[in-house]
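What follows is a single structure, written as C-alpha cells, with notes after it.
Every number here is computed from the coordinates shown, using simple stated rules; none is lab data. Because the structure is a prediction, the values reported are computed rather than measured.
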Amino acid sequence: MKLHIEMILPISLVLIVVSSGPKLCESARIFTIVNNCKETIWPAITPGNNFNGGGFPLKSGQSVVFTAPVGWVGRIWGRTGCNFDKNGKGSCQTGSCGSSLKCTASGKPPASLAEFTLAGVDFYDVSIVDGFNIPLVVTPINGKGNCSVAGCDGDLRSSCPSELALKANSKTLACRSACDVFNTDEYCCRGVFGNPVTCKATYYSKKFKEACPNAYSYAYDDPTSIFTCSGTDYVIAFCSSRKQPVCTYHNNKLACSGSHGLDSLLGRWSILMLVVFFMINFWIVV
C-alpha cells in the first residue's frame, strides 16, 4: 500500500496477506510487494517456497504480503508483458524465468533485481548490473542500524542509450547492460578486470548510476549500493519513488516509513482513517 502526502489513495487498493506457514515469530521478516506501475506486473522470487511458489500476477495498485525466515537468501524482480495460460505456462517480454509463472530459476536479463541475505544483520541491495526493466525500490521498516532505502526509481527506459535499448514495436521495453550487449571483459568485470582494482565504472555504468544512485551499476559498485539493517520488515515497490512513504502490517499493527512526518502532515484523524481503510482492505489467506 502506498501513501501519498497529498491524499490517501486509493481506497480500493487491495492488500493480500499470505500465510507462509506457522504463526509469525519475531525472527520472521515481513515482505510487502507493491505494484505502483500503471500495468500488471508478475513479481518473481527465488527461492520461492515462502512466496507463493515464486511467481504470481499483481495488478496496478495491488500489494501482497509474505513472511520469510532468517536465513533466507534470495532475489525479487518484476516481469512485464507476460501471458500465461491456466496451467501457468507462458512467456514475458522482460524478466522471464523460462516458460513458468512460478520461477525456480533466475530471470533473463535485463531486469531490475532486489537481493537479500537475511541474518542477524540483513544485507540487501537493488542491482541493475544485468540491466533495467522497471523502477524498483526497497524500503526497510522498523529495523535497527543504517537501514537506508535502496533502489532505482529513475526510469532508464526513457534515457537508455540506443545501443543498449531492448525494443518491441519501436517501444523501449528495457535497458540492457553493456556486458550483455558487447560481452567484453572490461564491461563484464572478468578476466584481468575481475577484481575491484581493475574493474572500474564505465561510460554506461555511470549513465546507470546517474539515474539510480542507490543501486548497483557494475559488479564492484559496493560502497553506495549495499545496505544493512537488523530485525526489519521490507517493502519492495515497483514504479515507486524512494521518497514516497510506504506501509506494512506487522503483529496486528500498521507500520509506515516516515511516520513522524506523516503525522504532522496528515493529522491524527487522517492517520486513523488510513488504518481503518488499510484493515478493511486486508485479505487474509490462511
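Per-residue Karplus couplings for the stretch 40-45, computed as 6.51 cos²θ - 1.76 cosθ + 1.60 with θ equal to phi - 60°, are listed in order as 5, 10, 10, x, 10, 9 Hz, Gly and Pro entered as x.
Within the straight-line cut-off of under 16 Å between alpha carbons, the lysines reachable from Lys102 are Lys86, Lys89, sequence neighbours fewer than 8 places apart in one chain being disregarded. The aspartates and glutamates within cross-link reach of Lys167, meaning a Cα-to-Cα straight distance under 19 Å and a gap of 8 or more places when in the same chain, are Glu39, Asp130, Asp155, Asp180.
Averaging Cα coordinates gives a centre for the stretch 182-239 and one for the stretch 51-86; these two points are 23 Å apart.
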